[in-house]
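Right, one structure below, let's go through it.
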Amino acid sequence: LAGAYANYFAARYMGRPLVLKYGRYVGISAEKFAKVERFFLRHGEISTFIGRLLPVIRHLISIPAGIAGMNHFRFSLYTLLGAGI
């Protein structure tokens, strides 16, 4: 949970400006970012839970959760449930 918090808070406070400024260099346009952010705002809880079950995604799922400003309590709950399995 500590590692997930590190990614979550780093993305929450620094992620959005960095993605909007430098995302174009790695193929993330402002339109694509907005689309992904809308998806995560609608399906963030289930995405976090399922993301914790997938080997590579489990380390990265905290980043979109932080950028989208997912509720801290819900993030913790779904992270613990997914990681616990």
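The values are calculated or read from the model by the stated rules, or taken from the named source; none is laboratory data. These numbers come from a predicted model, not from an experiment. Positions of Cβ are backbone-derived with ideal geometry, glycine not excepted, and every protein chain shown enters the neighbour counts. We work out accessible area using only protein heavy atoms, side chains counted, and drop any ligands, DNA or RNA first. Shrake-Rupley method; radii C 1.70, N 1.55, O 1.52, S 1.80 Å.
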Taking a probe of 1.4 angstrom, what is the accessible area of L54 in Å², to the nearest 10? 80 Å²
With the dipole of the chain worked out from charges on the C-beta (+1 for Lys and Arg, -1 for Asp and Glu) around the Cα centre, which of N71, L20, F9 lies farthest toward the positive end? L20
